[in-house]
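Trainee: Attaching a single structure in structure tokens format; questions to follow.
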Amino acid sequence: MSSYELQFARITNSGKLPDRFLTCQHHQSADLAKKNMGEIFVLVEMLSPWFPTAQVGQMIIANFVKYYYQGGSTSDLVNFENSLKGVNEDLAQITQNGETDWIGNLNSLLAIIIGNNLHLTSTGRTEAYIFRDGKINHLTANISGPVEPHPLKTFSNIISGEIKNQDKIVFANKELFDHLSLESIRQIISINNPQVAALQITKLLKKEKVRNVNLMIIGLGLKEELSGEPLVGKLENVFYLDKSTDSFLAKISFLLRGFLAPLGKIISSILSMIKGKISKTIPREKKKEAPPEKFDRFHQEFIAGEDRDDSLLKDEEIKYSPDFYIHHYNALNTEKERKSHEQNKFKMTRMFGLLWSKIISAISWIIATARDRKRRKILFIISAIVLIIIIGLVIVIRSRSAQTSNLEAQRILDVAIAAQKEGKSLLADGNQENAKEKFVFCLENSRKIQDKILVAKDAQEISKTCLAELDKLTATTRFVELKTLMTIPNNAKSFFVISGQIFMISESDIYEGNLVGGNPSKSASIPTNKGNFIAGARQDKILYLYTSGQNLFQFDTGTKKLETAKIVTNGRWETANAISSYVGSLYLLDGVLGQIYKHSSSQEEFNAGEEYISTVNVNLRDSVSLAIDGSVYVLKNNSKILKIQKSKLQDFSIKNIPTPSDSLAKPIKIYTDADTPSIYILDSSQKRIVEFDKDGQFVHQYALPENFDKIIDFVISIKSRKIWVLNNNSVYEISI
């Protein structure tokens, strides 16, 4: 069986570009047991240069390499497919977390080569060509076309095949072909190995001052054929368009050849002339013939040759490289300045000498005193006095600092008290807006000094009073502490309350607990390889759970049975980041593409999805949640709410949220139904649930405890007058 070896080279940039992020990389497992899994080649171009999107590009590379080499299948293609699936799910996750700038801006190609087998996939504007026997085959002709971007479909098509001895492969972004024709590239690559070809292409691109190119050249050869060539095929050669192609040693060599060699000849000729004139004036002595010298190899290689004469170089013949700079300093120009400098130097030396001698004497005295039992008490007394002085100084400094700090804290407290009094006075006069400003100012100042011991108690009281006044003015019910009803081990994503039972869903498991408390138990688990839980909806006692693998499961909360939701033959579930149920139908929201898919039900299965939005006037991109009461309400991540009836956009907006927090900061869920007279929105950043009527007018808000740091979901029961909130992995109850 023939043994193959890869030669490859890369052309990219070492630094940042103003309009894009570029990188192309090669990876191979350091684990010897994974060597048979082949080598990875990746090319990533992100057209948005900002840091978060650049991190997305690095994440794609790192996770693809990790997932592939962790693959446990005996099939390389299966491992490749699973690694792409993992990357797609990671991209979907960061999109749900609000990082969407990379969508539509990613051009990437991922490939693995095992022996002489190639698997590759690409997205966006990237190209792959194979050059064989002087002919060109466009590998990505059928997989790089324009498609509607979606995270879970980022890498969705794979090309696999066998490469042959002497084949050359090119992976590149589109910009390469704006500067070099495909025929020119073929000619360069066909007659050179990848390193030499990359060097020539780099020089051509640099000549045109091109930097926005990302390119990899890979060649396959038999090991026995490559063994006679210079050992460069095993090296990962990188050519940077923003760096000089020549090495430092090559530049030095060029300078020696171009400057020092001709200069040496000039000096040599001058010395020869001087030597000739001197020889004429000195009488010659008859030389004795010396026996012939025996030259060893060292002499022949390094010493033997023409005589070399040295002489001083003229100033005008000395040239400086622009890579160096000369640092100038001011010398002492006069004798007087020189003597003064020497005197000062002598004085400083003498002073340091005296100081050093005193230190040595003191140390010697301390040692001698410590050794003498009779005088040891004197040392203890002196040490105690020094220690008392140091402690006294520390106490004085700290007391003065504390005094200053306490005075400042008292001043801030006085300002807060004055603002509180002004606020109450304005409130008595009916000036609510100005009163709110004073209470906010009072609250901000009192919170600054709640850690200062002398004023902490008063500051807390003032803060509590101002907050209570603000809550009255802003229709706010505030909760300081809530009781935990149920906690699961990890990764809680959503929950539902049905007939006094709590059903919490993690990425892959369903837990059940009781509203009255107690330990939860695991009821069911989503099958492996079906994706992680993304969104859920409730219909009576059935929970519908949608996963990142575009699968839908139904869970019967009565029988605790989990099964795949049936859909008509050849039907499939669309990509979605939120779902809702209404009158037997399921609605899937794709906030990336900006579409809602309606699946009506018939008997025991769902029909294929129908696009609910049929007009371009309704923009649902960047939507995060939806709720249905006959009308469809869609919440966008910019806090805007769209109301849709029969696919038509209605005139609707939320309004009159009271100051100071008069806008939603990070809304993540909207809730209403046919039995609920209000619309509720979870604003996780500002730790509150805001209530509006069905016309969008503000009604009330519920402020959650300050120690809630990861508010994920909420459920409301109008009949029970309860709100349940999911924070981290625990559920809490609120009475309204």
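Laboratory data are not the source of any read-out in this text; all were calculated from the coordinates shown. None of these values were measured; they are calculated from a predicted model. Every residue, glycine among them, receives a Cβ derived from its backbone with ideal geometry; neighbour counts consider all protein chains shown.
Trainee: Could you give the C-alpha radius of gyration of region 4-246 expressed as a fraction of 2.2 N^0.38 Å, taking N as the number of residues it contains?
Mentor: 0.97
Trainee: What whole-number value in cubic angstrom gives the convex hull volume per residue for the C-alpha atoms of region 421-579?
Mentor: 208 Å³
Trainee: Within 10 Å, Cβ to Cβ, of Tyr597, how many net charges do the neighbouring residues add up to if Lys/Arg are +1 and Asp/Glu are -1?
Mentor: Summing Lys and Arg as +1 and Asp and Glu as -1 gives -3.
Trainee: From the cross-link list Lys153/Lys598; Lys66/Lys203; Lys16/Lys636; Lys421/Lys472, which pairs have alpha carbons spaced over 23 Å apart?
Mentor: Lys66/Lys203; Lys16/Lys636
Trainee: At 37 °C and a viscosity of 0.692 mPa s, what translational diffusion coefficient does Stokes-Einstein give for region 475-565, taking Rh as the Kirkwood radius over Cα pairs? Give it in µm²/s as a whole number.
Mentor: Answer from the Stokes-Einstein relation: 237 µm²/s.
Trainee: Quick check: convex hull over the Cα atoms of region 377-473, volume per residue in Å³, rounded to an integer?
Mentor: About 72 Å³ per residue, rounded to a whole number.
Trainee: In whole angstrom, and with the biggest value first, how far do the Cα coordinates of region 484-735 range along each principal axis?
Mentor: Sorted from largest, the Cα extents of region 484-735 read 50, 49, 30 Å.
Trainee: Pick out, in residue order, every one of the chymotrypsin sites (Phe, Trp or Tyr not before Pro) in region 488-536 that is DSSP loop and has at most 12 other C-beta atoms within 10 Å; say none if there are none.
Mentor: The qualifying sites: there are none.
Trainee: On the Cα set of region 56-127, report Rg and Dmax in Å, please.
Mentor: 12.9, 41
Trainee: Using Cβ counts within 10 Å as a stand-in for footprinting exposure, how do Ile718, Ile723 rank, fewest first?
Mentor: In increasing order of surrounding Cβ atoms, one gets Ile718, Ile723.
Trainee: What is the log10 of I(q)/I(0) for region 31-168, computed with the Debye formula using one identical point scatterer on each Cα and no solvent, at q = 0.20 Å⁻¹?
Mentor: -1.22
Trainee: Distance cut-off 28 Å, Cα to Cα: go down the list Lys560/Lys640; Lys464/Lys640; Lys566/Lys646; Lys164/Lys206; Lys483/Lys687; Lys34/Lys164 and report the pairs above it.
Mentor: Lys560/Lys640; Lys464/Lys640; Lys164/Lys206
Trainee: Report, in cubic angstrom per residue, the convex hull volume of the C-alpha atoms of region 553-679.
Mentor: Hull volume normalised by residue count: 140 Å³.
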